Amino acid sequence: MNKYIFVLIALGLLFNAVCWSHDVEKGSAASQFKDPDNHDDHAKYPHHHHNDDQNNHAHNHEDGKQVRPHPIKIAIVGAGIGGTSCAYYINKILSNSSSSIIPEITIYEKEKVGGRARIVDIEGKHAELGGSIIHPLNENMLNMIKDVGLETVRDEAMSDNYYSFWDGNQVTFSESPYPFVDIIKMLVNYYWDPIRFKNSRNEIVGKFLENYKRVEPFHSVNEFYQQLGLQNTTNQTAADYFFNEVGISKDFVEKVLSTAIRVNYNQHYDEISAFAAYIGLVGTEDGLFAIKGGNYQLPKALIKKSNSKLVTSQVKEIEKIIDANEKTLYKIKTSQDKEGVLYDIVIIATPLELSDGIKLKGLNSKEKIIKRDFRKVHVYLMAADSLNPTFFGLPSTHPPPANIITTHNKSLPFVSVCKNTRGKISDNRTVYKIFAHKELPQSYLDDMFKNHTKLVYHIWSAYPVLKPTNDYPPIQLDENLYYLNAFEQSISTMETETIASKNIAKLIAKSLKRPYGLL
């Protein structure tokens, strides 16, 4: 929907409802997409670095004597983007030439590196199931991609495919080849609602971008949102915020905005927090791109860049131990190592709800860890000649819709069915991706497609249920034990995982009296 949305946003209207749910379905960008190396947006929101002694000068002398570098053992549990970027930031802070500390980082991963940025193979070519889009304002992701030397791509091969909204009975909106026609439709149907939404979007995004200026780390998730002035978006539903704060109509929310919220988070606008809804909507704008060959490559590159050791084993227990010198250490035991290994610092970079029962032993704070529900997403990759127009209430003679996004309807079993960037398979059939709330009966798929084959069916806990809250797990579970995924209770994206990981790296540097202001 890029041409349509590009013009709408240019006119202060709305919303690029591309069929992406942490996924690039049209490719990583269209011809209007901005270059990730173009930092015009960053120029608008410059960094402010403080020149204080603590943050910008390494102290490698004590009483005039050279301090001998000493190793510090750090363990990270989880090799997704959060854990691997945390290793990258820690190594970057502690491995500078003036540091007296040598980080020895070990990353534990029970499955595959990449976490929820995962791929499947279809006839020798990769297709991603999640974590596959990057926004041009994702400053941390952009900088890391550049630093590790990965290429980004913009696939324009599908730029002539248009999108339709379906309410379960009929197609309520179809994108036109002529953007001005879509503009007129929006103006006639929704009046000033798109402009009101865009103004509110700009306000929230502007506040959020302030986080990149921050030097000091935050100690709680609430502190992060309070300092940015965003707490009123995390403690109420998108419905309440849209209707009461922004003043836009229910019709516009349910027929337009809800489509992107459903596609990105598989959740409903009257249940999800306002902040999560806005991030979901921003995640469907123009300028999205991906890493050439798949975003899963970034975590692998970060492990190498950070000089980390990867241990492929499931962590079963983290035990706090006080040694003979009254120093706090943490012993990690895995499915393959019952004796365990001692570490100075441990970062848990995986949702504890999905960790198959990591036991936290000897900790007083474990009772404070809030258990969250995770939303299961059913993903289908299908090969088919086309979608069946009659399934969507269109005449049999009507050209098949290219991509379908559903509007607000809690009875529908799926949220979207769109052409996938995998393109066509060897028999010239197109690959489609479905995001669904539950498993779809074979008869349902038979009706939806023409000449189809199921290529992949995958169920996964993609993200938390992002309901409004001010109650989050602690970031610091113990003196030197951190929980990166505490942040994910409010929002779940690759970029926000890196915000959480960079923050923990700063907290660690601060505790070690190391400089962190230029990170």
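Any read-out appearing in this document is the output of simple, stated calculations on the displayed coordinates, not a laboratory observation. A quick note: this is a predicted structure, and the numbers were derived from the prediction, not measured. For neighbour counting, all protein chains shown are included, and Cβ atoms are generated from backbone atoms with ideal geometry for every residue, glycine included.
With +1 on each Lys and Arg Cβ and -1 on each Asp and Glu Cβ, how big is the dipole of region 404-516 about its Cα centre, in debye rounded to the nearest 20? Write down the numbers at each step before the final one.
On the way: 15 positive and 10 negative charges, 87 e Å.
My answer is approximately 420 debye.
Take the residue pairs Lys125/Lys454; Lys110/Lys467; Lys112/Lys502 and return only those whose Cα atoms are more than 18 Å apart.
Result: Lys110/Lys467; Lys112/Lys502 exceed 18 Å.
In debye, nearest 20, what is the charge dipole magnitude of region 287-335 about its Cα centre with +1 on Lys and Arg Cβ and -1 on Asp and Glu Cβ, if you could check? Write down the numbers at each step before the final one.
Values: 10 positive and 4 negative charges, 64 e Å.
That gives a dipole near 300 debye.
Considering only Gln476, Asn503, Tyr457, whose Cα is most displaced toward the positive end of the charge dipole of region 448-506, charges sitting on Cβ of Lys, Arg (+1) and Asp, Glu (-1)?
Tyr457
Can you pick out the pairs among Lys305/Lys331; Lys207/Lys510; Lys146/Lys513; Lys320/Lys359; Lys376/Lys506; Lys333/Lys376 whose Cα atoms lie more than 22 Å from each other?
On the way: Lys305/Lys331 26 Å; Lys207/Lys510 25 Å; Lys146/Lys513 29 Å; Lys320/Lys359 11 Å; Lys376/Lys506 33 Å; Lys333/Lys376 29 Å.
Cα-Cα > 22 Å for Lys305/Lys331; Lys207/Lys510; Lys146/Lys513; Lys376/Lys506; Lys333/Lys376; rest within.
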